[in-house]
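A short write-up of the structure that comes next.
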Amino acid sequence: MNLKFLLPLLGAASFVTANADNKFDDLSQHEIVEAMGAGWNLGNTLEANTNGSPNETCWGNPKASAALMKLIKNNGFNSIRIPVSYLNKIGSAPNYTIDPEWLARVKEVIDMALAEDLYVITNIHGDGYHAVTGGWLLCDAQNQSEIKAKYKAFWEQIATEFKDYDEHLIFESMNEVFDGTYEWQNQGKPYPNETAYNNINDYNQIFVETVRPISANNAKRWLLIPGWNTDIDLTSEAKGFKIPDDKYIDKNVKGNRLMISVHYYAPWDLCGDDTDAGVSRWGDAAWNSGKCTTYGQGANSESTMSGQFDKLKTWFTSQGYPVIIGEYGTVDKTAYDEENSDYTAYWTKTLCENARRVGAVPVLWDNGHVSTAKGFGTVNRASNTLARPYIIEAINEAFGQEIEIDTTTPKTKLALIESYVVNITMNGAKEDAKFTCQFTDWSNNSKAVKSTAKNLDIDLSPASKKDGLTNLGYLEYENDSLYSFTVNKITINGYEFSSPAVTGDLTAKQYQNALPNIWGQTGEYLSDNGKAILSITSSAISLMLKLDDEGSSTSSIESDEISVVSVDGGIAIFGADGNSVEVYSMLGTLVANKVAKDYMTTISLPNGIYAVKVGDKTYKVIKK
């Protein structure tokens with residue numbers, strides 16, 4: 001059973017781009033800040049990668065959709081930041097050609113956002129990380145001539161691809177680029193490193209000089225410039241930051257068309273350290289709660305935050321340079337402290353108020369992770385619903401906006417998997433090598449697929465004997481040599497799920513809990529046609545199909561006779577005596593099973609989201 005309650009999902013379509021009439025509204029500093037309003041990050045998506053190969057879904061998020069863009073727009077956001085990693089999608093010297101399929105997908109996602117009249121920031125993201133395989137935009141590397149040539153070629157292609165797009169599109173030169181060390185690691189040495197910072201300044205200068213001359217629109221487009229690691233204190237002239245010379249700007253433009261990019265995650269043990277259960281609150285009133293930052297009262301104070309924004313006003317916005325808070329946010333620690341939601345909402349609201357006060361645009365970081373490690377997610381992208389509405393409400397309150405947040409649960413159905421086919425390709429196997437796939441279903445009925453083909457469909461139908469649950473059993477592979485396999489796609493009930501590029505090596509005879517291991521990434525995947533969600537864990541796979549309004553077999557059991565409520569320490573079921581009660585986790589695991597014997601039956605449960613089945617009816621329960 002998979003508890004993803006879905007809003008209607010839209011598949012890929014053709015979108016109206018922002019260059020339809022080639023009109024460009026040249027917005028001033030104050031006009032662009034007002035127009036961009038509050039922003040949201042499409043994080044862990046187009047910058048996701050495996051071993052240096054960008055892949056939109058490899059970090060567990062579904063593909064970006066038009067429905068997601070509409071949800072963002074409808075919940076008060078006017079801007080979206082779309083981080084993109086290119087890495088091995090950039091070819092070799094001297095042309096450094098960007099892979100056309102990858103660039104086409106980037107363009108498609110940008111067009112989806114622009115179709116909702118969102119302002120779009122797009123950048124080159126993970127290419128500047130030391131920790132990412134294939135990272136090359138490294139300010140402390142020795143081969144700076146090669147790096148700068150590659151960087152120039154990259155921005156020539158991006159600026160050309162989008163040369164006629166209007167003012168809604170903003171280019172950001174890079175993301176969090178620095179030498180990979182922090183000040184505490186450089187005690188007794190000048191910090192930041194002057195040579196490395198000069199290279200960052202050179203990158204920004206190359207970026208501006210490359211983009212501007214390519215088209216009339218690029219000559220007046222707003223361009224976004226970061227300093228050292230997008231750190232507020234280190235993005236200052238005193239620390240080595242230089243604003244590029246914008247010599248190719250359209251001469252008819254009045255004022256500046258450069259923005260400054262910084263990020264804000266302070267204090268970190270509140271905002272980003274999801275393992276620190278003891279730090280869950282923030283603000284002057286919370287200091288004596290014993291649950292505030294270990295960096296000291298100053299780091300926790302509201303005046304510290306306002307002081308940082310005062311610096312941005314002094315250095316930049318008062319000088320004609322808008323500031324984009326390109327990332328800010330807090331991880332969800334409500335599992336440690338139920339009042340965490342109140343304090344993180346207050347932190348968020350205060351930050352947005354400070355941003356508005358100094359003329360900056362706050363862009364919320366959302367990595368799609370909901371109630372998990374590094375859970376910055378505010379939107380459940382699998383169901384296209386809000387996961388932390390209190391954060392969204394705080395942002396809209398700061399901007400004086402009133403929105404109606406939809407908390408209704410659309411009708412859904414947990415479907416029996418009747419047709420289940422895996423398509424794989426064998427790599428490196430000998431000609432006519434023997435290959436056997438052995439599958440055992442819920443009832444211990446075994447079936448085998450034998451083939452010598454290197455590309456084959458393995459039909460595992462039916463995959464389940466239990467409604468809503470899928471136990472895939474295990475697969476057995478036989479061969480007389482070492483080889484590898486690649487899963488191309490999985491088709492369930494006619495819905496295709498494209499596979500990430502995952503391979504595995506198997507010896508002559510090796511047993512696996514095969515399909516989860518072949519897929520290689522625990523998470524949730526939208527089908528290519530947008531009709532279903534496949535949820536994969538190390539032990540089970542669950543499927544939920546999106547249905548139309550009619551014909552749903554799932555209904556609420558709230559009535560005068562039966563009700564399910566959240567109580568301290570678990571749930572209580574009233575009026576169900578004689579009925580069987582089953583409780584399933586979001587991942588389809590049966591966590592409780594009993595027969596109700598009295599008018600009230602209680603079941604102990606930790607915080608989370610569950611499906612409670614009483615007889616043949618189900619109820620969604622959220623335990624906080």
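What to note about this one:
- Of residues in region 305-318 being open to solvent by less than 50 Å² (accessible area, probe 1.4 Å) and not hydrophobic (A, V, I, L, M, F, W, C), the one nearest to Asn354 (Cα to Cα): Ser306
- Selected residue (criterion: nearest to Gly52 (Cα to Cα)) from residues of region 98-144 that are hydroxyl-bearing (Ser, Thr, Tyr) and open to solvent by 60 Å² or more (accessible area, probe 1.4 Å): Thr133
- The residue of region 245-266 that is nearest to Asp25 (Cα to Cα), among those that are in a loop (DSSP other than H, G, I, E, B) and of a type in the set (A, V, I, L, M), is Val253.
- Condition broken by Gly298, with the remaining ones in (1) touching a residue at least 12 places away in the same chain (Cβ under 8 Å); (2) surrounded by fewer than 19 Cβ atoms within 10 Å (Cβ to Cβ) satisfied: (1)
- Of all residues in region 353-378, those being surrounded by fewer than 24 Cβ atoms within 10 Å (Cβ to Cβ) and among the hydrophobic types (A, V, I, L, M, F, W, C) number 3.
- Note on region 591-614: residues that are over 26 Å from Glu338 (Cβ atoms), modelled with pLDDT of 75 or more and surrounded by fewer than 20 Cβ atoms within 10 Å (Cβ to Cβ) total 3.
- Residue satisfying all of: in region 184-219; crowded, with 19+ Cβ neighbours inside 10 Å and touching a residue at least 60 places away in the same chain (Cβ under 8 Å); nearest to Glu172 (Cα to Cα) among these: Tyr203
- Count of region 109-152 residues, restricted to those that are within 16 Å of Ala196 (Cβ to Cβ) and among the basic types (Lys, Arg), is 1.
- Pairs where the first residue, in region 384-398, is in contact (Cβ under 8 Å) with a residue 60 or more places away in the chain and the second is in a strand (DSSP E or B), C-beta under 7 Å, 6+ apart: Leu386/Val379; Ile392/Leu386; Ile395/Leu364
- Subset of region 316-330 (residues that are of a type in the set (Val, Ile, Thr) and under 20 Å from Ile82 (Cα atoms)): Val323, Ile324, Ile325, Thr330
- Qualifying residue in region 145-154 (condition: open to solvent by 60 Å² or more (accessible area, probe 1.4 Å), in contact with a helix residue (DSSP H, G or I) (Cβ under 8 Å, 6 or more places away or on another chain) and touching a residue at least 24 places away in the same chain (Cβ under 8 Å)): yes
- For Thr133: the one exception among (1) touching a strand residue (DSSP E or B) at 6+ places or on another chain (Cβ under 9 Å); (2) under 30 Å from Val253 (Cβ atoms): (2)
- Candidates Tyr328, Tyr265, Tyr321, filtered to the one that is open to solvent by 10 Å² or more (accessible area, probe 1.4 Å), closer than 21 Å to Val33 by Cβ and either touching a strand residue (DSSP E or B) at 6+ places or on another chain (Cβ under 9 Å) or free of Cβ contacts under 8 Å to residues at least 12 places away in the same chain (or both): Tyr321
- Qualifying residue in region 154-162 (condition: assigned to a loop (DSSP other than H, G, I, E, B), charged (D, E, K, R) and farther than 30 Å from Pro62 by Cβ): no
- Within region 20-78, if we keep just the residues that are among the hydroxyl-bearing types (Ser, Thr, Tyr) and not in a strand (DSSP E or B), the residue that is nearest to the chain's Cα centre (by Cα) turns out to be Thr45.
- In region 333-352, of all residues being open to solvent by less than 30 Å² (accessible area, probe 1.4 Å) and of a type outside the set (S, T, N, Q), the one that is farthest from Leu224 (Cα to Cα) corresponds to Asp337.
- Residue within region 80-99 that is in contact (Cβ under 8 Å) with a residue 40 or more places away in the chain, more than 20 Å from Val211 (Cα to Cα) and assigned to a strand (DSSP E or B) present: yes
- Residue match in region 144-159 (condition: over 30 Å from Asp25 (Cα atoms) and either under 23 Å from the mean Cα position of the chain (by Cα) or among the hydroxyl-bearing types (Ser, Thr, Tyr) (or both)): yes
- Hits in region 53-92 - residues which are of a type in the set (Val, Ile, Thr) and open to solvent by less than 10 Å² (accessible area, probe 1.4 Å): Ile72, Ile80, Ile82, Val84
- Matching residues, region 314-357, being under 13 Å from His30 (Cα atoms) and of a type in the set (Lys, Arg): Arg356, Arg357
- Verdict on Leu234 being assigned to a strand (DSSP E or B) and surrounded by 19 or more Cβ atoms within 10 Å (Cβ to Cβ): no
- Hits in region 170-183 (condition: among the aromatic types (Phe, Trp, Tyr) and open to solvent by 10 Å² or more (accessible area, probe 1.4 Å)): Phe178, Tyr182
The values are calculated or read from the model by the stated rules, or taken from the named source; none is laboratory data. Since this is a predicted model, take the numbers as computed values, not measurements. No Cβ is skipped: glycine too gets one built from the backbone with ideal geometry, and neighbour counts run over all protein chains shown. Heads up: the accessible areas ignore ligands, DNA and RNA and are worked out on the full protein's heavy atoms, side chains in. Shrake-Rupley method; radii C 1.70, N 1.55, O 1.52, S 1.80 Å.
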